[in-house]
Amino acid sequence: MEKLQPILSHLDNLAPLYIAGPCSAESRDQILRTADGVRQAGARVFRAGIWKPRTLPGGFEGVGSVGLEWLLEVKQTTGMAVATEVATAQHVREAMQHEVDILWIGARTSANPFAVQEIADTITTIGADKVAVLVKNPVNPDLELWVGALQRLYNAGVHRLGAIHRGFSVYGQHLYRNLPLWRIPLELARRFPTLPLICDPSHIGGRADLVNTLSRQAMDMGYDGLIIESHCAPQQALSDSRQQITPHQLATLLSGLNVRTHRQPDDSLKNMRDEIDRLDAELLDVLGRRMQLSREIAQYKKEKHIPIFQAERYDQIMTDRISSARRLNMSDDFTRNLMSAIHEESVRQQLTIYNKPH
Ligand code: PEP
Ligand code: MN
């Protein structure tokens, strides 16, 4: 994706992209009041869902096309850019007719390559330079599916492109409505360093009181922006009422964020990174010596006809290392994963000794 362009060409692209607004457009008054509030809070883009098919049919399913008139009014009266979700060719046509600046593809749609291709083709037919597109991660934790959706749009000529991390759904009750699984969006950012990555703490948390911490974590990790659900009266919201915050709460949240605009590492960061490189080299050297010793042990065990794997030895190593690592502030999970990876490699190396002909 070499030819990516800024999401909003007329805005300063160093500043974070804050998008805020209600889950759904409900009435003209709700839209205009919320838009005014989130603009004052520091959002540069106003969001609102127009078409909202819900998990179970029969609830509020969005106001439909009339809401696009309200978004156009927000654009004209506040100067903010506006964003909405599209899932079909018809949505794209109507949104673009109403001059929506940013289209986003929802988590259920980005999991469906047919729908993404249809959206991409419709945008290209109307004019790919007229909109930016943000692609939410698919509901299931599948990075390739996410990348595939982004590439479909890019290949169709949509170069103002970004990704939204909204968490991944899992069965059962959890603290988060959708698990963040940070390593998936961070891997996306590693593969496509110039692709803007935006966090949606509202759909990850599913609760208003989790939005603050999640937003801070995302910005501390270096995300390019946030999309936050904000409603002038969250308790009365017709969808996602538990996770929406007031524009006033949004203002407090945004003003409390540490924004890291220095993308170029300075000297002290460089020194610390050099030190990390040295430590990693040391770590690998130690691991290499440990593996060498494992091979020597294997040779010995082989001569004495002792089997490679001994369960009590393994349990004892695990318990001992976990408690030592705990004293060094490392989590039990991390130590368990690390030691089991080392052990697996060590067994593999020992097997090569056993398999060698005498
Ligand atoms: C939304 O942003 O309101 C929405 C429906 O999000 P998602 O596709 O992430 O569930
Ligand atoms: Mn929502």
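The values are calculated or read from the model by the stated rules, or taken from the named source; none is laboratory data. Quantities reported herein were computed from a predicted structural model and do not represent experimental measurements. Note: ideal-geometry Cβ built from the backbone for every residue, glycine included; neighbour counts use all protein chains shown.
State the number of residues belonging to segment 44-70 that are away from ligand 2 (no atom under 16 Å from the Cβ) and touching a residue at least 12 places away in the same chain (Cβ under 8 Å).
Looking only at segment 44-70, we keep the residues that are away from ligand 2 (no atom under 16 Å from the Cβ), and these are 44, 57-58, 64-66, 68-70.
After this cut, where a residue has to be touching a residue at least 12 places away in the same chain (Cβ under 8 Å) as well, the list is 44, 64-65, 68-70.
Of the residues in segment 44-70, 6 are away from ligand 2 (no atom under 16 Å from the Cβ) and touching a residue at least 12 places away in the same chain (Cβ under 8 Å).
Given the options V131, V135, V139, V170, name the one that is surrounded by fewer than 22 Cβ atoms within 10 Å (Cβ to Cβ), closer than 18 Å to E187 by Cα and not aromatic (F, W, Y). Before the answer, list the steps.
Working: V131 fails: closer than 18 Å to E187 by Cα; V135 fails: surrounded by fewer than 22 Cβ atoms within 10 Å (Cβ to Cβ); V170 fails: closer than 18 Å to E187 by Cα.
Going through V131, V135, V139, V170 in turn, just one is surrounded by fewer than 22 Cβ atoms within 10 Å (Cβ to Cβ), closer than 18 Å to E187 by Cα and not aromatic (F, W, Y): V139.
Does L226 satisfy the condition of being in contact with a strand residue (DSSP E or B) (Cβ under 7 Å, 6 or more places away or on another chain), within 16 Å of ligand 1 (Cβ to nearest atom), closer than 23 Å to V82 by Cα and not aromatic (F, W, Y)? Lay out the reasoning, then the answer.
Working: in contact with a strand residue (DSSP E or B) (Cβ under 7 Å, 6 or more places away or on another chain): yes; within 16 Å of ligand 1 (Cβ to nearest atom): yes; closer than 23 Å to V82 by Cα: yes; not aromatic (F, W, Y): yes.
Yes, satisfied.
Could you go through segment 82-90 and let me know if any residue there is touching a residue at least 24 places away in the same chain (Cβ under 8 Å), surrounded by fewer than 16 Cβ atoms within 10 Å (Cβ to Cβ), assigned to a loop (DSSP other than H, G, I, E, B) and within 27 Å of the chain's Cα centre (by Cα).
yes
Can you pull out the residues in segment 1-31 that are under 22 Å from V211 (Cβ atoms) and modelled with pLDDT under 90? Quick ask: steps written out before the conclusion?
Our first condition is that a residue be under 22 Å from V211 (Cβ atoms); within segment 1-31, this holds for 7, 15-26, 30-31.
Matches in segment 1-31: A15 only.
Of the conditions (1) in contact with a strand residue (DSSP E or B) (Cβ under 8 Å, 6 or more places away or on another chain); (2) over 30 Å from D209 (Cβ atoms); (3) not β-branched (V, I, T), Y300 clears all except one; give me its number.
Among (1) in contact with a strand residue (DSSP E or B) (Cβ under 8 Å, 6 or more places away or on another chain); (2) over 30 Å from D209 (Cβ atoms); (3) not β-branched (V, I, T), Y300 violates only (1).
Is it the case, given these coordinates, that R93 is assigned to a loop (DSSP other than H, G, I, E, B) and not aliphatic (A, V, I, L, M)? Quick ask: steps written out before the conclusion?
Working: assigned to a loop (DSSP other than H, G, I, E, B): no; not aliphatic (A, V, I, L, M): yes.
Here the answer is no, as R93 does not meet what is asked.
How many of the residues making up segment 37-76 are more than 15 Å from L238 (Cα to Cα) and among the β-branched types (V, I, T)? Working first, answer last.
In the first step, residues of segment 37-76 are kept if they are more than 15 Å from L238 (Cα to Cα); the result is 37-47, 65-66, 68-76.
With among the β-branched types (V, I, T) added as a condition, the list becomes 38, 45, 66, 74.
Within segment 37-76, residues that are more than 15 Å from L238 (Cα to Cα) and among the β-branched types (V, I, T) number 4.
Before we move on, is Q249 away from ligand 1 (no atom under 13 Å from the Cβ), under 20 Å from P53 (Cα atoms), out of contact with any helix residue (DSSP H, G or I) (no Cβ under 6 Å at 6 or more places or on another chain) and modelled with pLDDT of 95 or more? Walk me through it before giving the result.
Details: away from ligand 1 (no atom under 13 Å from the Cβ): yes; under 20 Å from P53 (Cα atoms): no; out of contact with any helix residue (DSSP H, G or I) (no Cβ under 6 Å at 6 or more places or on another chain): yes; modelled with pLDDT of 95 or more: yes.
The answer is no for Q249.
Sort through S169, S202 and tell me the only one that's closer than 18 Å to W104 by Cβ, within 16 Å of ligand 2 (Cβ to nearest atom), modelled with pLDDT of 95 or more and over 11 Å from the mean Cα position of the chain (by Cα). So that I can check it myself, show each step before the final result.
Details: S169 fails: modelled with pLDDT of 95 or more.
Answer to the selection: S202.
Has segment 33-48 got any residue that is more than 20 Å from T246 (Cβ to Cβ) and either in contact with a helix residue (DSSP H, G or I) (Cβ under 6 Å, 6 or more places away or on another chain) or surrounded by 13 or more Cβ atoms within 10 Å (Cβ to Cβ) (or both)?
Looking through segment 33-48, none of the residues is more than 20 Å from T246 (Cβ to Cβ) and either in contact with a helix residue (DSSP H, G or I) (Cβ under 6 Å, 6 or more places away or on another chain) or surrounded by 13 or more Cβ atoms within 10 Å (Cβ to Cβ) (or both).
Quick one: which residue in L188, L197 is away from ligand 1 (no atom under 15 Å from the Cβ), modelled with pLDDT of 95 or more and under 11 Å from the mean Cα position of the chain (by Cα)? Reasoning before the result, please.
On the way: L197 fails: away from ligand 1 (no atom under 15 Å from the Cβ).
Of the residues listed, the single one that is away from ligand 1 (no atom under 15 Å from the Cβ), modelled with pLDDT of 95 or more and under 11 Å from the mean Cα position of the chain (by Cα) is L188.
Residues of segment 12-40 being within 23 Å of the chain's Cα centre (by Cα) and either assigned to a helix (DSSP H, G or I) or closer than 24 Å to V92 by Cα (or both), which ones?
Within segment 12-40, the first condition is being within 23 Å of the chain's Cα centre (by Cα), and the residues that meet it are 12-24, 38.
Result: L17, Y18, I19, A20, G21, P22, C23, S24, V38.
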